[in-house]
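Let me begin by presenting the structure, written as structure tokens, before commenting on it.
The values are calculated or read from the model by the stated rules, or taken from the named source; none is laboratory data. Every value quoted in this text rests on a predicted model; they were computed, and no experiment measured them. Note: ideal-geometry Cβ built from the backbone for every residue, glycine included; neighbour counts use all protein chains shown. Heavy atoms of the whole protein, side chains included, go into the accessibility calculation; ligands, DNA and RNA do not. Shrake-Rupley method; radii C 1.70, N 1.55, O 1.52, S 1.80 Å.
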Amino acid sequence: MRGNIIKYPRDNIDTDVIIPGQYLKVHDYAELATHAMEGLDPDFHSKVKEGDFILSGKNFGCGSSREHAPIALSHCGIKAILALSFARIFYRNSVDGAFLLPIEIDQDAYDGISEGDEIDIDISTNEIKNITKNQTYKMKPFSDIIGKIIASGGLFKYKPDQD
Amino acid sequence: MGKTLFEKIWESHIVVEKQNEPDLIYIDRHLVHEVTSPQAFDGLRMNNRKVRRPDLTIATMDHNVPTSDRSLPMLDETSAIQIKTLEKNCKDFGITLFDINSPNQGIVHVIGPQLGITLPGSTIVCGDSHTSTHGAFGALALGIGTSEVEHVLASQTLWLEKPKTFEIRVEGKRKNPHAVTAKDIILSIIKNIGTAGGTGTVIEYRGEGISDLSMDQRMTICNMSIEGGARAGLIAPDEKTFDYLRNRKYTPKNYESLVDSWRDDLKTDSDATFDKQFILDINDISPQVSWGTNPGMTCDVDEPIPSPDEFSNGDPNQKKGAEKALEYMDLKSGTMIEDIKIDRVFIGSCTNARLEDLIEASKVIQGQKVASNVSAMVVPGSQMVKKQAEEMGLDKIFTDANFEWREAGCSMCLGMNPDILSPGERCASTSNRNFEGRQGNGGRTHLVSPVMAAAAAIYGHFVDVRKLDLN
């Protein structure tokens with residue numbers, strides 16, 4: 001999976017800035033997407049393109065349980081969020097609906113990757129390659145459970161291994 | 001080795017358990033509201049599925065309902081559609097709904113306990129992060145997203161990773177319990193552990209400082225567990241819990257025999273261990289006021305706003321966050337909290353809009369008037385709270401002081417209905433989140449207790465309520 005980075009070098013990006021409460025009434029995902037990150041970055045829509053990744057600090061997606069947050073980002077074309085850590089409901093929502101991949105990174109990757117860098121993520125080897133800078137970092141592997149839900153294509157397609 | 005309360009509840013709800021797989025957990029109660037459920041019901045229809053246990057599923061409308069006169073038509077068309085959609089979904093799938101005209105309508109986390117739907121030892125889910133509130137009754141209560149809402153509607157179960165355990169011991173006694181409240185305890189905890197301090201854990205709140213609290217106060221504590229990043233918060237049930245739930249609308253018929261078993265079973269064994277621990281001494285804690293844009297950015301009412309350096313302890317992202325927060329809040333480090341002037345006061349939300357919150361706030365304002373530069377409102381947590389408060393004459397105390405007295409709902413906590421801040425307005429709010437734009441685009445939120453909010457309304461700026469006579 002290859003794409004370019006939009007970097008927000010801060011902690012605690014909450015679901016209210018990802019998609020403000022007033023838009024939780026919007027059921028059309030394309031329209032919802034037009035308001036993604038509205039509370040945080042007015043230039044987001046001029047930057048974002050299909051296949052991009054967001055990189056951020058600790059506790060990404062904290063706050064509300066609104067699944068609208070990963071939905072809005074995924075409908076802008078965002079395929080993965082790379083963050084030092086995630087709030088748990090956002091993390092689960094991202095994989096349950098197969099909206100995007102929440103990828104936990106370490107400080108090296110966080111410091112090494114810059115805005116605009118081209119990145120290749122391989123979840124089979126847990127490696128993140130920075131094509132722009134010719135660097136490689138490790139991602140934190142998904143837990144068994146999360147890996148299986150991702151591999152199944154979401155919560156509703158997941159079936160436990162049969163005996 | 002002994003088990004924690006959380007482990008006991010978890011183990012008694014496992015439907016399927018396999019190595020290297022998530023546990024399939026049975027859900028005893030599912031609470032539904034208008035905002036996070038429409039896509040879930042659509043999903044059921046698309047796949048030709050029914051609601052597996054409509055009898056264990058209860059719905060209300062709270063997030064976007066107007067809190068003004070409900071005999072008038074709703075002006076916001078998209079909210080009206082969302083409300084109509086919930087009515088249709090509940091009718092189609094046979095789910096009990098407390099609609100906008102029901103005497104039982106209210107914020108889902110306020111009505112659950114009031115109706116006796118919330119029971120000790122049970123598992124409860126809702127498509128809302130503040131579901132953690134129900135943990136005050138010794139229930140394992142988890143906030144979930146819409147995909148999981150659909151999964152529970154269809155199967156009454158959820159695939160879950162077992163969280164870790166986190167003991168928070170609250171030791172000591174508050175010197176002035178009318179001035180230093182449960183809200184100040186939980187804000188102090190979050191200030192100390194941070195907004196991600198509880199990530200991946202279920203917190204059990206223990207100790208004298210917790211058992212001393214009333215049920216309304218315990219709900220305030222558990223409600224904000226999510227602001228510390230936790231999956232849920234729990235308090236072991238005791239006689240206060242059992243008394244609260246006796247003779248409610250949905251209290252089970254065999255309640256007394258259930259209480260007998262809960263009394264024996266629903267506690268952490270003395271030799272159980274937790275994965276993590278934090279201890280808060282409340283003997284000397286002060287009323288808390290948030291100054292920044294997350295609930296961890298909080299200080300004592302008699303302190304100055306910290307500098308980004310003091311706040312961050314050398315963490316560059318924390319420092320940057322504090323700088324950005326001060327800029328957004330239009331505040332300077334070193335400013336004393338009591339010197340901050342406010343424009344609006346909101347007493348409401350699933351954190352602090354229960355009867356006791358309103359009683360305590362009313363004591364501060366009795367016989368006084370809201371400052372001329374402030375507009376203030378009270379939004380009771382449920383129509384039942386509103387009715388009880390009116391029977392006690394609290395509505396008169398508030399309206400005589402020039403507070404608005406509204407109908408029940410989430411209201412200005414999250415800015416989905418017309419109750420929002422204008423850009424730049426500064427609000428003393430009893431809600432749970434001070435995120436940028438949470439109460440309206442450009443709005444500035446300070447999280448405080450109901451008595452602190454009420455006092456700020458009267459004085460037009462924050463005041464240390466320990467200086468007031470609150471008895």
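If R0 is 35 Å, the Cβ-Cβ spacing of B:MET392 and A:HIS27 corresponds to a FRET efficiency of close to 0.25.
Subtract the Cα-Cα distance of B:THR78 and B:GLU11 from 0.36 nm times their separation in residues, and report this length gain in nm to one decimal. Don't jump to the answer; show the numbers that get you there.
Details: separation 67, 0.36 × 67 = 24.12 nm, distance 4.22 nm.
Result for the pair: 19.9 nm of gain on full extension.
With heavy atoms of protein chains only and a 1.4 Å probe, what residues of the range A:141-161 have at least 20 Å² less accessible area in the full set of chains than alone? Residues meeting the cut-off: A:ASP144, A:ILE145, A:LYS148, A:LEU155, A:PHE156, A:TYR158, A:PRO160, A:ASP161. Protein heavy-atom surface of the range A:2-162, 1.4 angstrom probe: 48% of the accessible area is carbon and sulfur, with nucleic acids and ligands not counted.
Packing, as the average of other Cβ atoms within 10 Å across residues, places the peptides B:116-123, B:429-436, B:386-393 in the order B:429-436, B:116-123, B:386-393, highest first.
Is the shape of the protein assembly as shown rounded, prolate or oblate, going by the alpha carbon gyration tensor and its root eigenvalues a ≥ b ≥ c, with a/c under 1.5 for rounded and a/b larger than b/c for prolate? The shape class here is rounded.
The HN-Hα couplings worked out from phi for the range A:33-49 by the Karplus form 6.51 cos²θ - 1.76 cosθ + 1.60 (θ = phi - 60°) are 4, 5, 9, 4, 6, 4, x, 10, 9, x, 8, 3, 6, 7, 8, 6, 9 Hz, whole numbers, x standing for Gly and Pro. Mean partner shielding of peptide B:431-440, defined as the number of other chain Cβ atoms within 10 Å of each residue Cβ, is 5. Each residue, A:ARG2 and B:SER307, gets one label point 7 Å from its Cα in the Cβ direction; the gap between the two is 4.8 nm. Rounded to the nearest 20 debye, the dipole magnitude of chain B is 700 debye, with +1 charges on Lys and Arg beta carbons, -1 on Asp and Glu beta carbons, and the Cα centre as origin. The label point for B:SER422 and the one for B:GLU161, both projected 7 Å from the Cα toward the Cβ, are 4.6 nm apart.
Note the direction-averaged projected area, equal to a quarter of the hull surface, for the Cα convex hull of the range A:2-162, in nm².
8.9
Counting, for every residue in A:92-98, the Cβ atoms of other protein chains within 10 Å of its Cβ and taking the mean gives 5. In this simple spin-label model, placing a label point 7 Å from the Cα along the Cα-to-Cβ direction at both B:ASN48 and B:ASN176 gives a separation of 6.7 nm. The HN-Hα couplings worked out from phi for the range A:53-59 by the Karplus form 6.51 cos²θ - 1.76 cosθ + 1.60 (θ = phi - 60°) are 10, 9, 10, 8, x, 7, 6 Hz, whole numbers, x standing for Gly and Pro.
Per residue of B:153-162, count partner chain C-beta atoms within 10 Å of its C-beta, then hand back the mean as an integer.
On the way: counts 0, 1, 0, 0, 0, 2, 8, 2, 6, 1.
Rounded to a whole number, the mean comes out at 2.
Would any residue of the range A:69-104 have its amide N under 19 Å from a label point 7 Å out along Cα→Cβ of A:THR136? List them or say none. Counting only backbone N, you get A:104.
Taking 0.36 nm per residue of separation and subtracting the Cα-Cα distance, full extension of the segment from B:MET336 to B:SER211 would add 41.7 nm. Accessible surface buried by the B/A pair amounts to about 3900 Å², both sides summed, 1.4 Å probe. Of interest is the spacing of the C-alpha centroids, which for the range B:227-270 and the range B:87-123 amounts to 19 Å.
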